[in-house]
Each structure stands twice: as C-alpha cells, then as structure tokens.
Amino acid sequence: MIARALTLAGGLAGAAALSQFPEFSQQYTQRLGGAVDELHRFVQEFDADASEAGLTRDAALVDLAEGGAMGAARAATMEKTIARYERLRADLAALRAAGPFTRAYRAGHLTDPEIAQAAWEDFKPALPLTFEGAAFAGFGLLAGLGLIGGLIGLPRMLWPRRRARP
C-alpha cells in the first residue's frame, strides 16, 4: 500500500514538473529574442562605425586590437559579443521554428546561463491548460510512476522473498 502511494506521489511530482516545460521554454524564447534584438543593435552600430571608417567588421577588429592595450581589450570584447550574438541568433531561429514538443528535443538551445537564470527568476509555475502542457504532464506522470515504481521494485527483484515452508 505504501509502495503504491509513493509511486503515485512520484508520478504526480513528475507530472507537475514536466508540465511546466512548455511555459518555461516560451519565457526563455521571449527573453532570448530580446537579447538577440539588443545584441543585433550593438553589432549593427559597430558595423556602421567600421563602414564609416572604410573597414569591414574583421578589419575593424584588427585595427582596434592594434590600438594599444585598451583597443585590444575592446576588440576581444567585441569578438565575444559578436560570437554570442551569432550563437543566440541561431538558438532563437531554432526555437522559433520548433513547436512546443520539438522544443523539448531542442532543449540544447535553452542553454545560455544568463538568459536561463533571468527566465527562471521570473518564472511562476502555473496549471497548464494547453494541450502541450497536458501532454508533458502525462509524460511526466508516466515517467514518475515508472521511476518510483522501478526503484521500489528493484529490491524485490534483487532479493525475492522466500516462501515459508509448510
């Protein structure tokens, strides 16, 4: 009886946890879009400055790096910023192209620590009333039932009870 109750509790915990994924991934995607927009503006301004000086982006970075310690530090920062912009832009495109179920498959695009932390800080769990929320809850229920049921059943499989002899 206790094993069944624990298994059910595990299933309900799995359902509650996984049902939140669609909303969290949506909030992450929204924050990611804002970050990409801001980085795009920043990179665009750098490209415009380079163009006004008659330079390409790469030539401007080299020119900046050759301008002393401060210029070299700024060039390195710009290179990191441009690389982050390109990575986040690719992540955003992948997440926008994905539906709610495919986002779970593409969870590797939800990995920017700053954006994930900010989304998590503002995230408020809620009862999912969408089809995808219900589907994730159902999968979480089954996963929780299976996990806890397996953990409880493992000792029984390893050390079966012996029948009492009459």
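The values are calculated or read from the model by the stated rules, or taken from the named source; none is laboratory data. What you see is a predicted model, and the numbers here were worked out from it, not measured in a lab. Backbone-built Cβ (ideal geometry, glycine too); neighbour counts: all protein chains shown.
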Which numbered condition trips up Ala116, out of (1) aliphatic (A, V, I, L, M); (2) within 12 Å of Leu18 (Cβ to Cβ); (3) in contact with a helix residue (DSSP H, G or I) (Cβ under 7 Å, 6 or more places away or on another chain)?
(2)
Select, from Met1, Met70, the only residue that is surrounded by fewer than 18 Cβ atoms within 10 Å (Cβ to Cβ) and within 30 Å of Phe136 (Cα to Cα).
Met1
Filter segment 116-142 down to residues that are in contact with a Gly (Cβ under 9 Å, 6 or more places away or on another chain) and buried (at least 18 other Cβ atoms within 10 Å of the Cβ) and give me whichever is farthest from Gly34 (Cα to Cα).
Leu141
Confirm whether Ala104 is surrounded by fewer than 17 Cβ atoms within 10 Å (Cβ to Cβ) and of a type in the set (A, V, I, L, M).
no
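So that you can scan it fast, the table gives a plain yes or no per residue for (1) in contact with a strand residue (DSSP E or B) (Cβ under 8 Å, 6 or more places away or on another chain); (2) within 20 Å of Pro113 (Cβ to Cβ); (3) without any contact (Cβ under 8 Å) to a residue 12 or more places away in the chain:
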residue	(1), (2), (3)
Leu6	no, no, no
Ala9	no, no, no
Ala15	no, no, no
Ser25	no, yes, no
Leu32	no, yes, no
Leu61	no, no, no
Glu66	no, no, yes
Please determine, by comparing only the residues of segment 108-134 that are at pLDDT below 85 and assigned to a helix (DSSP H, G or I), which one is nearest to Leu92 (Cα to Cα).
His109
List every residue pair whose Cβ atoms lie under 7 Å apart, where the two residues are 6 or more positions apart in sequence or sit on different chains, the first residue falls within segment 76-95 and is touching a residue at least 12 places away in the same chain (Cβ under 8 Å) and among the basic types (Lys, Arg), and the second residue, located anywhere, is surrounded by 14 or more Cβ atoms within 10 Å (Cβ to Cβ) and part of a helix (DSSP H, G or I).
Arg84/Leu39; Arg89/Val36
Considering only residues that are within 13 Å of the chain's Cα centre (by Cα) and among the acidic types (Asp, Glu), which ones fall in segment 14-49?
Glu23
Answer yes or no as to whether Glu86 is touching a helix residue (DSSP H, G or I) at 6+ places or on another chain (Cβ under 7 Å), surrounded by 11 or more Cβ atoms within 10 Å (Cβ to Cβ), in a helix (DSSP H, G or I) and at pLDDT 85 or above.
no
On the basis of being assigned by TED's automatic domain parsing to the domain that holds His40 and either in a helix (DSSP H, G or I) or touching a strand residue (DSSP E or B) at 6+ places or on another chain (Cβ under 9 Å) (or both), does Ala143 make the cut?
no
